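Comments concern the structure below.
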Amino acid sequence: MSKNRTGLYAALAAAGVGGYYLYRAGGDPKAAKQEIKHDADVARKKVRTDNAERAGEKVGSEAGAYIDEAVSNARTQVQDASNHASGLAQESLDKINEARQDASAKIKANIDKFDQTVEQKTSEAKGSLSRWWGGSK
């Protein structure tokens with residue numbers, strides 16, 4: 001039967017690492033322990049930094065996408081508002097032109113009516129004067 005040898009390999013690796021740090025510390029176990037702690041802290045900070053950088057990049061890309069979307073939405077809304085305002089302005093101009101034309105037509109009709117009345121009254125007055133002075137009409 002085959003045995004799982006992972007534990008054996010892990011123990012050999014731990015013994016090798018321990019021997020390496022004990023050798024670097026000159027055989028002093030306390031100094032070796034301090035070096036192991038120091039290297040572990042450096043490795044932990046590096047892992048945190050790498051993870052933080054990755055997380056920061058992820059958050060940055062998400063924020064960038066969110067900002068791009070917000071800018072795009074704002075541009076679309078501004079364009080829609082501009083188009084709507086242009087439409088309202090054109091509609092207002094059309095109404096003003098229509099009102100001006102209506103007013104012009106009413107003024108012309110009133111002037112024509114006034115002219116007819118003046119001509120009629122002038123004609124009546126001429127007839128009255130002519131009859132008064134002895135003319136015929």
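Calculated [222 nm] ellipticity per residue, helices only, for the chain: -34500 deg cm²/dmol; basis is -39500 (n - 2.57) per DSSP H run with n ≥ 4, divided by all residues, nearest 500. Springs join every pair of Cα atoms under 10 Å in this Gaussian network model of the chain, and among 24, 44, 75 the largest mean-square fluctuation is at 24.
Ignoring lysines fewer than eight residues from residue 46 along the same chain, the ones with Cα atoms less than 30 angstrom from its Cα are 30, 33, 37, 58. Along region 55-61 the Karplus relation, 6.51 cos²θ - 1.76 cosθ + 1.60 evaluated at θ = phi - 60°, assigns HN-Hα couplings of 5, x, 5, 5, 5, x, 5 Hz to successive residues, with x for each Gly and Pro.
Annotation: lysines with alpha-carbon distance below 17 angstrom to residue 121 (same-chain offsets under eight excluded): 113, 137.
Once fully extended, how much extra length lies between residue 95 and residue 74, figured as 0.36 nm per residue of separation less the alpha-carbon to alpha-carbon distance?
4.4 nm
Among the listed values [x] 23.4; [y] 9.2; [z] 8.2, the one matching mean projected area of the Cα convex hull in nm² as calculated from this structure is [x]. Computed from Cα atoms, the angle from the helix 6-24 axis to the main principal axis of the chain rounds to 80 degrees. Of all aspartates and glutamates in the structure, those lying under 20 Å Cα to Cα from residue 126, and not within fewer than 8 positions of it along the same chain, are 115.
No value in this document is a laboratory result; all are computed from the given coordinates. These figures come from a predicted structure and were not determined experimentally.
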